[in-house]
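Trainee: Please see the structure below; I have some questions.
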Amino acid sequence: MNSLFQSDRIVLNLPDAEIIYFPTFLKKEEADAVFNELILNTPWQQDEITVYGKKHLQPRLTALYGNEGKPYSYSNIIMQPHPWTSLLQKIKSHIESASETNFTTVLLNYYRNGSDSNGWHADNEKELGTNPIIASLSLGAERTFQLKHNSDSTQKKSLILEHGSLLLMQGTTQHFWKHQIPKTSKPIDSRINLTFRKIE
């Protein structure tokens, strides 16, 4: 996997944010192989979330891997990590080189089709620390990634996350911005994204 890391990068010019996009972090053949292995060998789960007092199944499947003893909680869900696989450790190592950070945990999201989504949120859970670095690797079908500023309604951004791409969000991004993967009515294939994070 020595050819994993690619040098092209796009810095998003957004206020109160530090976001870098690597369109071809994985070469296509490697991205294809990783996607297929994760689809087949990941112990996917679908948790219940509570929205306005009503319970719903989360509109995607998830899995958590990480260091022993580092659970991750969000939206009243507490996930216990599976042990790192050799594949995820290799990917983590390359992403750590690109981001110059060490990660303890990766949350995998499996979007089976356009009906699966992830609503507006910030990755600002207490255990992620003050200015968390979130590294998101996208595999499979392209999906639209939307950003909006918390207090300035004129500040919005949409980005198509490509197969094999890496998005880094760091600095004060999670304090000032929310992001989402919206539903789409277009016929669309499945997508996996791996969100690496450091739980303190």
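The values are calculated or read from the model by the stated rules, or taken from the named source; none is laboratory data. Keep in mind it's a predicted model, so treat the numbers as computed, not measured. Here Cβ is always computed from backbone atoms with ideal geometry, including for glycine, and neighbour counts include all displayed protein chains. Calculation scope for accessible area: heavy atoms of the full protein, side chains included, ligands and nucleic acids excluded. Shrake-Rupley method; radii C 1.70, N 1.55, O 1.52, S 1.80 Å.
Trainee: Just how large is the dipole of the range 159-200 about the Cα centre, in debye to the nearest 20, putting +1 at every Lys and Arg Cβ and -1 at every Asp and Glu Cβ?
Mentor: Rounded to the nearest 20 debye, it is 140 debye.
Trainee: If you don't mind, there's one more thing I want to ask. When a/c is below 1.5 the answer is rounded, else prolate if a/b is larger than b/c, else oblate, so apply that to the range 44-153 with a ≥ b ≥ c taken from the square roots of the Cα gyration tensor eigenvalues.
Mentor: The shape class here is rounded.
Trainee: Compute and list, largest first, the equivalent-ellipsoid semi-axes of the chain from the alpha carbon gyration tensor, each √(5λ) rounded to a whole angstrom.
Mentor: 22, 21, 19
Trainee: Can you tell me the length gained on complete extension of the stretch Ser153 to Glu68, counting 0.36 nm per residue apart and subtracting the Cα distance?
Mentor: 26.5 nm
Trainee: Right, here's the next one. Using a 10 angstrom cutoff on alpha carbons, build the Gaussian network for the chain and name the most mobile of Ser117, Ser138, Ser153.
Mentor: Greatest mean-square fluctuation among the candidates belongs to Ser153.
Trainee: Which of the residue pairs Lys126/Lys178; Lys28/Lys178; Lys157/Lys198 have a Cα-Cα distance greater than 18 Å in the structure shown?
Mentor: Lys28/Lys178; Lys157/Lys198
Trainee: Next question, about the same structure. Would you mind counting up the charge near Leu166? Only other residues with Cβ under 13 Å from its Cβ, with Lys and Arg at +1 and Asp and Glu at -1.
Mentor: -1
Trainee: Sticking with this one: If each DSSP helix of 4+ residues adds -39,500 (n - 2.57) and the sum is divided by the residues in the chain, what number results at 222 nm, nearest 500 deg cm²/dmol?
Mentor: It lands at -5000 deg cm²/dmol.
Trainee: Each residue of the range 150-167 in order: what ³J(HN,Hα) in whole Hz does its phi give by Karplus 6.51 cos²θ - 1.76 cosθ + 1.60, θ = phi - 60°, with x for Gly and Pro?
Mentor: Using θ = phi - 60°, the values come out as 5, 10, 10, 5, 7, 9, 9, 8, 10, 9, 8, 8, 8, 4, x, 8, 10, 10 Hz.
Trainee: Another question about this same structure. Got a number for carbon plus sulfur as a percent of the range 79-184's accessible area, 1.4 Å probe?
Mentor: That share works out to 45 percent.
Trainee: Mind listing which GluC sites (Glu not before Pro) in the range 90-129 are in a DSSP loop and have 14 or fewer other Cβ atoms within 10 Å?
Mentor: Glu100
Trainee: Which residue, Ile188, Ile77, Ile91, has the most motion in a Gaussian network model of the chain that connects Cα atoms within less than 10 Å?
Mentor: Fluctuation is largest for Ile77.
Trainee: Could you give the accessible area per residue of the chain, probe 1.4 Å, as a whole number in Å²?
Mentor: Per-residue value: 51 Å².
Trainee: Here is a follow-up. Tell me which trypsin sites (Lys or Arg not before Pro) from the range 76-144 have a DSSP coil assignment and no more than 12 other beta carbons within 10 Å of their own.
Mentor: For trypsin sites (Lys or Arg not before Pro) across the range 76-144 that sit outside H, G, I, E and B with at most 12 neighbouring Cβ atoms in 10 Å, the list is empty.
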